[in-house]
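See structure below.
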Amino acid sequence: MSLDIVGSSQTHDIAVLKIGDRFQNVEHLRNALRAFAIKRKFDFTFIKNDRERVTARCAQADCNWRVHASREGNLHTFRIKTLQPTHVCGGGIGTSSYPKASKKWVCDHVIQKLKDRPLYRAVDIQWDILREHGVGLPYKQAWMGKEVARTVLYGSEVQSYDLLLWYVEKVMETNPGSVATIESDGGRFRRGFFCFRACVVGFKLGCRPLLFVDGTHLLGKYGGILLGATGKDGNEGFFHVAFAIVDNETDDNWTWFLTTLRNTIYGDEDYNKCITFISDRSKGLVNAIARVFPSSSHAYCLRHLEANFMKGNTSLGKALKEECWALFTRIAYACTSKEFDDAVKDLLATSAQAHRWLIQKSDVAHWSNYLFKGQRWGEMYPNVAESFNAWIKEARHLPVTEMVDIIRYKLMNMMYARREHVRRWGTHLCPAIHRNLEDTIESSRLLRVGRSDGEQFEVIDPVATLAVNLQTKTCSCRRWQVYGIPCMHACASIVTSEASVYRFVDNYFTVQMYANAYANHISPVPGHDKPTNPSRVLQIRPLITKRKPGRPRRTRIESQALDVRELRCSRCKNTGHNRRTCNAVIAD
C-alpha cells in the first residue's frame with residue numbers, strides 16, 4: 001500500500017491507479033480520475049460523489065471497471081479502497097472528443113503557457129491539446145478553459161478595477177514622488193493616471209522637450225483606451241513618461257490627461273522648457289494641446305496626413321495621388337524657402353486639386369520643416385509612441401490592475417538594463433548618433449571649404465554654395481538647426497577648423513544626458529497584502545461598456561482631418577444631406 005500522497009501537479013498526467021493511492025483531498029481525487037480517463041480514452045460516471053466518498057464506474061453499463069475511494073478518518077486525504085481495473089467494453093469511447101475534458105481540466109493544462117504567453121489563443125489551445133493529449137476540444141471549451149486560467153492567474157476583471165485603489169496606495173508608498181490618481185463616477189471607474197517619479201525626473205534631466213502622444217485600445221473584457229505620452233532618449237530609443245486609462249478618446253479625456261501631465265512635469269517649478277508635441281490630427285487631441293499647452297508647438301504625423309490626403313482626394317486616381325504625395329513629402333522635409341517653394345510649385349503643376357488641399361486643409365505649418373515654428377529635431381512620425389503600444393501589446397489583454405503593474409514591471413526592467421548598458425559605452429555621444437555622425441563626416445570630406453574668419457566658412461557642394469557659422473551653430477541649408485546634429489557642410493567646416501565635432505552636437509545626444517535619463521529607478525510594488533477576498537464589497541466597478549455588433553476590427557481607423565468633407569446632395573445640389581434622404585421638390 002502506498003503511503004505517498006499524490007500532489008496536485010501529479011494529477012494532471014496520472015497514468016496508473018492502484019489500491020492504496022492517497023490524494024490530498026476529494027478535489028484532487030476527482031481531477032486524477034478525469035486525467036486518468038482522458039489518458040486511457042474512456043468515460044465514466046459517478047455513483048457516489050460527496051465529501052466523504054467517491055465511487056465511479058465505466059460509462060458502459062456492461063463494463064466491470066470500477067473504483068471506490070473514501071476519506072481517511074478525520075483527515076482531508078482520500079485513499080482508493082477498491083479498484084476493478086479491467087475494461088470488458090474495450091475501454092474506448094470511439095471519438096477524440098472527451099466529456100471529461102472540462103474547462104477546469106483545460107485550465108490545468110494551459111495555465112503555465114498562458115502565464116508565459118498572455119496572447120495564447122483558444123485556437124492554439126485546441127491544437128496543443130490535440131497534439132499533446134489526443135483530445136479534440138470544441139472551440140468554446142478551449143476558450144472557457146482559457147478564461148478560467150486567466151481568472152486563476154490574474155483574478156476577476158470586475159474586482160481588478162477595485163484593486164486599482166489598493167495599487168495606487170502601494171505605488172505612492174513604494175515610489176514616493178510618483179503621481180497615481182483614480183477618478184470614479186457613481187461607483188464606476190471613470191479614468192486613472194499613472195506617472196512614476198523615475199520617468200518624469202528622467203524626462204526632465206535627460207530627454208529632449210519632445211513628447212509623442214497617442215491612444216491605443218485596451219483588449220480586455222471591458223475595453224477602454226490607454227492614453228500615453230512618450231519621449232525619446234539620446235540614443236533614439238523611446239522613453240515613456242506617463243499613461244492614463246479612460247473610456248474613450250474624447251476632448252474631455254484628452255484635456256484631463258494633458259492637464260495632469262502638465263501639472264506633473266511643471267508642478268515643482270524646476271523645469272522651464274517648452275515641450276513640442278507630435279501626434280495625429282484627431283480633433284479632441286488637437287484642441288486639448290492648444291488649450292492646455294498654449295505656448296507649445298504641435299507637429300502632425302506625416303503618416304496620418306498621408307491617409308487623410310488619400311481618403312480626401314479619391315477623384316485623383318491612385319497613380320496621381322502617389323505622385324502628389326511624393327511632392328508632399330518633399331514639402332515636409334524642405335528646410336529652406338527655395339526647397340519649399342520649388343516643391344509647392346511642382347505640386348501645383350501636377351494637380352491643382354492637391355495644391356488646393358495643401359493650402360486649405362493640411363495645416364502645412366504643423367508638419368513642414370521650413371514653416372514649423374518649434375524644435376522637433378526632424379521627427380516626422382510618432383514611431384516611438386507606436387513602439388510603446390506594441391511593446392505593451394500583451395499587457396493590454398489583461399485585467400486593468402495587472403496591466404498597470406506589468407507596464408511598471410517592464411519599465412523597471414528596461415530602465416535598469418539601459419542604466420547598465422550606458423556604463424559600458426566609451427564614447428562622448430550615444431552609439432546611434434555617433435555612427436550617424438561618422439557617416440556624415442566621411443561624406444563631408446568630398447566638399448570644398450573656404451574660410452572667412454575663425455568661425456565662418458563657405459562650403460561648396462555639387463549643388464550649391466553654403467554658409468556655415470560655428471559660433472551660432474547654423475548652416476544656410478538649415479539641416480543643422482532642424483536636426484540638432486551638424487550637417488555635412490558643418491562637419492566639413494569643423495574638420496577644417498580642427499575643432500572637436502562633439503562640442504557642436506546638441507547635448508541631448510550625449511552619453512551623459514542618456515545616463516541622466518536612466519539614473520533613477522522604479523521600485524518594486526509587492527503584492528503580499530493585496531485584497532483577495534472574492535466576496536468583499538467593491539468600491540469601484542468597471543466601466544459601463546457596450547460592445548459593438550459583429551467581429552471586432554483588426555485594423556485601426558485612421559485619424560480624420562480637421563475639416564471633414566461636407567455632404568452635398570447630387571439631386572438638389574444643396575449641402576447637409578445626400579440623394580437618398582433628399583426631400584427637396586425639383587421643378588420639371
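Some values worked out for this structure:
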{"read-out": "Computed over the stretch 139-236, Cα set: Rg, Dmax in Å", "value": "17.3, 52"}
{"read-out": "Binned Cα-Cα distances of the stretch 32-92, short to long, each 5 Å bin given as a whole percent", "value": "4, 19, 29, 24, 13, 7, 3, 1"}
{"read-out": "Candidate aspartates and glutamates - alpha carbon under 18 Å from Lys41, same-chain residues fewer than 8 apart omitted", "value": "Asp13, Asp62, Asp128, Glu132"}
{"read-out": "Cross-link pairs beyond the 18 Å C-alpha cut-off, checked among Lys283/Lys373; Lys104/Lys221; Lys170/Lys530; Lys100/Lys140", "value": "Lys283/Lys373; Lys104/Lys221"}
{"read-out": "Relative counts (whole %) of C-alpha pair distances in the stretch 308-359, using bins that are 10 Å wide", "value": "27, 57, 15, 0"}
{"read-out": "Candidate lysines for bridging to Lys410, where Cα separation is under 16 Å - those fewer than 8 sequence places away on the same chain excluded", "value": "Lys115, Lys393"}
{"read-out": "Euclidean distance of C-alpha centroids, the stretch 427-444 and the stretch 330-406, integer Å", "value": "25 Å"}
{"read-out": "Sorted largest first, extent of the stretch 24-154 alpha carbons per principal axis (Å)", "value": "44, 38, 18"}
{"read-out": "Alpha-carbon radius of gyration plus Dmax, which is the widest Cα pair, for the stretch 225-380 in Å", "value": "17.5, 54"}
{"read-out": "Relative packing of peptides 53-61, 422-430 - highest average C-beta neighbours within 10 Å first", "value": "53-61, 422-430"}
{"read-out": "Full-extension gain in nm, Glu269 to Ala519, via 0.36 nm per residue minus C-alpha separation", "value": "87.9 nm"}
{"read-out": "Share, in percent, of DSSP beta bridges within the chain that are antiparallel, nearest 5", "value": "85 percent"}
{"read-out": "Listed peptides 167-175, 154-162 by packing density, highest first (mean Cβ within 10 Å)", "value": "154-162, 167-175"}
{"read-out": "Net charge of Cβ neighbours under 15 Å - reference Arg435; Lys, Arg +1; Asp, Glu -1", "value": "-4"}
{"read-out": "At 1.306 mPa s and 10 °C, Stokes diffusion of the chain via Kirkwood alpha-carbon radius, µm² per second", "value": "54 µm²/s"}
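The numbers here are math on the coordinates, done by the rules we state, and not lab data. For clarity, every value in this text was computed on a predicted model and none was experimentally measured. Methodologically, a virtual Cβ is constructed for each residue, glycine included, from the backbone with ideal geometry; neighbour enumeration extends over all protein chains shown.
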